[in-house]
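Enquirer: Let me begin by handing over the structure; questions about it come next.
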Amino acid sequence: MKFEELDIHEKVLEGIISAGFTECTPVQEQTLPTALLGKDIAAQAQTGTGKTAAFLIAVFSRMLAMPELKRGPSPRVLIIAPTRELVIQIEAEAKLLGGPAGFRMVSVYGGIDYLKQREEIAKGADILIGTPGRLIDYLKQKVYSLKKTEFLVIDEADRLFDMGFISDLRFMLRRMSPYDKRQSMLFSATLSNRVLELCYEHMNMPERFTVTPEQVTVKLIEQEIYHVGRTEKIGLLLGILKREPDGRYLIFCNTKVVVERLDRLLNANGLATAAITGDIDQRKRMKVLSLFKDGKLPALVATDVASRGLHIDGVTHVINYDLPQDREDYVHRIGRTARAGAGGRAISLACEEYVHSLADIEEYIKQKIPVMPLTEEMIITDYRKVSRARKKSIPKRKKSGQFSKGKPSTRVPEKTGHHRPERKKPFKKHFRRQSSS
């Protein structure tokens, strides 16, 4: 189905053309006709299926079809997402699709100047996009209101539950305009009972859609696995990267320590990479992601904390340097490639430490991952090794009477016949009288 066949506002169509979209993806084809009529929807859809464009196109078209309102304390649209990366991705796509319409968009999330974001909301916004924590902070401070909000979008609802945001979510929904006075849309990887309960409680009889379950998405990706010893994994990884130097690689490890060590090793061997973990500074995170998105950084090494927060087009290869211990993490990881119908490869290195999870993964995705033959020529052995990161040593406490080397001593030299005991308090000297002979 082409977008021109739908009742989409002409200004939004301009944004769609500038974004390079021509035909609807399955999630867009199923949900847009209903959403454009103003009905509530609850859709099961994965990231990378085009769901972000689906709800933005519907919301923008309906906003432009309604009488223009003066900006006030209530944003016309509230979009709630679980992670900073997803908020940034939604905002970028919203500016692309809604640029010709002239909407004012504000995004809020942790790790960025708190007061600056507060001031941006206070100026008024047509569309407010954010993570639950920051949204609630500013709502409690009455920086904005939700009493007159016309559109609500909850993205990756299952992830919001997993991250413990359900109480925060309910707090905001109870302070919104009545469910029959707004249009609400919810997207989730799974429509579990707890997600459906949220729909029935805070939405107006939403129509349900199931689009491309996770197991089907997996089949679109070219998967392969190598059985390799733990000590040979680095050599095999270097061989893969050097055989296909033009790829854009997202490499996953199970621990932060391995991510950091692998990042140092790859850079030491002439492969420009960067590491992204859960505790990285937000500004550095955004800079690294920007370099990777722009193609200036060919490889990114990450932990699972980033696997569902990264939304980057053009990733050609996902490499599981460590086979994930959780079967769902496998799907989330490899879902970073083959986005929106594009091709992609997922390569897993199964060593003796993590191979035990392979059977569970294959049962979950309902297919066997093809095992690739491994030869000695594929493993690089003459690579530059790096030492493990040293822990910062804590200086030992100096014993009484010890002084720093090179500094002049402040001790008073003892005189013959005098005895000065060890000092117990600073700046107080205790002397005994000279005994009479």
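Enquirer: Determine the sum of side-chain charges near ALA35: Lys and Arg each +1, Asp and Glu each -1, restricted to other residues whose C-beta is under 12 angstrom from that of ALA35.
Expert: Every neighbour counted, the sum reads -1.
Enquirer: Once amide H atoms are built 1.01 Å from N in the peptide plane, which residues 5 or more positions from ALA299, or in another chain, come under 5 Å H to H?
Expert: Here the answer is TYR249, ALA274, since their amide H atoms fall under 5 Å of that of ALA299.
Enquirer: Here's something else I'd like to know. The stretch 48-176: D in µm²/s via Stokes-Einstein (Kirkwood Rh, Cα pairs, 20 °C, 1.002 mPa s)?
Expert: 145 µm²/s
Enquirer: Taking the mean number of other Cβ atoms within 10 Å as a proxy for protection, how do you rank 72-78, 62-68 from highest to lowest?
Expert: 72-78, 62-68
Enquirer: Collect residues whose amide H, placed 1.01 Å from N in the peptide plane, falls under 5 Å from the amide H of SER348; neighbours closer than 5 in sequence don't count.
Expert: Here GLU224, ILE225, TYR226, ASN320 satisfy the definition.
Enquirer: For the stretch 2-63 and the stretch 312-330, compute the distance between their C-alpha centroids and round to whole Å.
Expert: Cα centroid to Cα centroid, the span is 28 Å.
Enquirer: Go through LYS95/LYS142; LYS116/LYS148; LYS147/LYS256; LYS116/LYS287 and tell me which ones have a Cα-Cα distance over 31 Å in this structure.
Expert: LYS147/LYS256
Enquirer: Cut-off is 10 Å between beta-carbons; in what order do ARG283, ARG182 appear when sorted fewest neighbours first?
Expert: ARG283, ARG182
Enquirer: Ordered by packing density, taken as the mean number of other Cβ atoms within 10 Å over each peptide's residues, highest first, how do 6-13, 325-332 rank?
Expert: Put in order of decreasing packing, that is 325-332, 6-13.
Enquirer: Among rounded, prolate and oblate, which fits the stretch 216-378 when a ≥ b ≥ c are the square roots of the eigenvalues of its C-alpha gyration tensor, a/c under 1.5 means rounded, and a/b larger than b/c means prolate?
Expert: Because its axes are fairly even, with a/c under 1.5, the stretch 216-378 counts as rounded.
Enquirer: Then there's this: What is the fewest-to-most order of ILE221, ILE112 by other Cβ atoms lying within 10 Å of their Cβ?
Expert: The fewest-first ordering by Cβ neighbours comes to ILE112, ILE221.
Enquirer: Given R₀ = 45 Å, FRET efficiency for GLU353-GLN141 by Cβ-Cβ distance, to 0.05?
Expert: The pair GLU353/GLN141 has a calculated efficiency of 0.40.
Computed from the coordinates by the stated procedures, all read-outs in this text should not be read as laboratory data. Small disclaimer: the values here were computed from a predicted structure and weren't measured. As a convention, Cβ positions derive from the backbone with ideal geometry for all residues, glycine included, and neighbour counts pool all protein chains shown.
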